[in-house]
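Presented below is the structure to which this report refers.
Where a number appears in this text, it was derived from the coordinates with a stated rule and is not lab data. Not measured: the values here are computed from a predicted model. Here the Cβ is made from the backbone with ideal geometry for all residues, glycine too, and neighbour counts use every protein chain on show.
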Amino acid sequence: MSKQRDLIFEIIHESKLHLSAEDIFKEATKKMPNISLGTVYRNLNDLTEEGQIARFHTGLGKDYYDYNIDPHGHLICKSCGGIKDYDVKELYNHLKGNIKKLISFEIEIKYICEKCQKNLEKEGDN
Ligand SMILES: [Zn+2]
Ligand SMILES: [Zn+2]
């Protein structure tokens with residue numbers, strides 16, 4: 001059990017990306033071909049509840065898992081679905097100062113990333 005958990009934790013921390021449960025499952029089967037998607041979900045839930053990883057919802061219709069457990073926002077490219085962290089510490093501290101019981105803090109900013117913007121410009125030239 002704990003070997004599977006360690007593997008899942010490792011995948012999330014080493015990728016430094018935002019991964020969906022399916023992404024993590026795909027990676028995990030490379031090292032543990034017998035691991036099931038249910039096991040991956042169960043361990044993701046446990047790790048999230050213990051605060052070892054963070055889970056966030058997106059308008060992309062999937063939950064993602066994050067090695068970065070500090071409060072931060074997410075920039076999400078509407079074109080390629082790429083997700084980047086965005087520093088919102090000042091806002092978070094401001095809220096913490098004004099709200100006694102902050103329950104959740106999720107900030108999702110939709111944008112077009114630089115790469116996609118360049119591609120769009122190229123298409124425009126043709
Ligand atoms: Zn993009
Ligand atoms: Zn993040």
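Run through the DSSP bridge list for the chain and note the antiparallel percent, rounded to the nearest 5.
Given both bridge residues lie in the chain, the antiparallel proportion sits at roughly 70 percent.
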(message) Based only on other Cβ atoms within 10 Å, what is the fewest-to-most ordering of 120, 7?
(response) 120, 7
(request) Count neighbours as other Cβ atoms within 10 Å of each site's Cβ, and list the GluC sites (Glu not before Pro) in region 1-53 that are DSSP loop with at most 12 such neighbours. (result) 50
(request) Pop a pseudo-label 7 angstrom from the Cα along the beta-carbon direction at both residue 20 and residue 108 and give the gap in nm to one decimal. (result) 1.2
(request) Could you give the size of the charge dipole of the chain about its Cα centre, using +1 on the Cβ of each K and R and -1 on the Cβ of each D and E, expressed in debye and rounded to the nearest 20? (result) 180
(message) Using alpha carbons only, how many angstrom separate the centre of region 46-76 from the centre of region 96-126?
(response) 15
(request) Kindly write out, for region 9-21 in residue order, the coupling ³J(HN,Hα) from the Karplus curve 6.51 cos²θ - 1.76 cosθ + 1.60 (θ = phi - 60°), rounded to whole Hz, with x marking Gly and Pro. (result) 4, 4, 4, 5, 6, 7, 6, 6, 10, 9, 10, 7, 4
(request) Give, in whole angstrom and from largest to smallest, the semi-axes √(5λ) of the equivalent ellipsoid of region 70-126, with λ running over the eigenvalues of the Cα gyration tensor. (result) 34, 9, 7
(message) Can you give me the Kirkwood hydrodynamic radius for region 1-69, using every pair of distinct Cα atoms, in Å to one decimal?
(response) 11.8
(request) Quick one: compute a quarter of the convex hull surface over the Cα atoms of the chain and quote it in nm². (result) 9.9
(message) Quick check on the exposure proxy: order 6, 66 from fewest to most C-beta atoms within 10 angstrom.
(response) 6, 66
(request) Return the calculated 222 nm mean residue ellipticity for the chain, to the nearest 500 deg cm²/dmol, obtained by summing -39500 (n - 2.57) across DSSP H runs with n ≥ 4 and dividing by the residue count. (result) -15000 deg cm²/dmol
(message) Rounded to the nearest 20 debye, what is the charge dipole size of region 1-69 about its Cα centre when +1 sits on each Lys and Arg Cβ and -1 on each Asp and Glu Cβ?
(response) 200
(message) Using the Cα centre of the chain as origin and beta-carbon charges of +1 (Lys, Arg) and -1 (Asp, Glu), tell me which of 65, 92, 124 is placed farthest towards the positive end of the dipole.
(response) 65
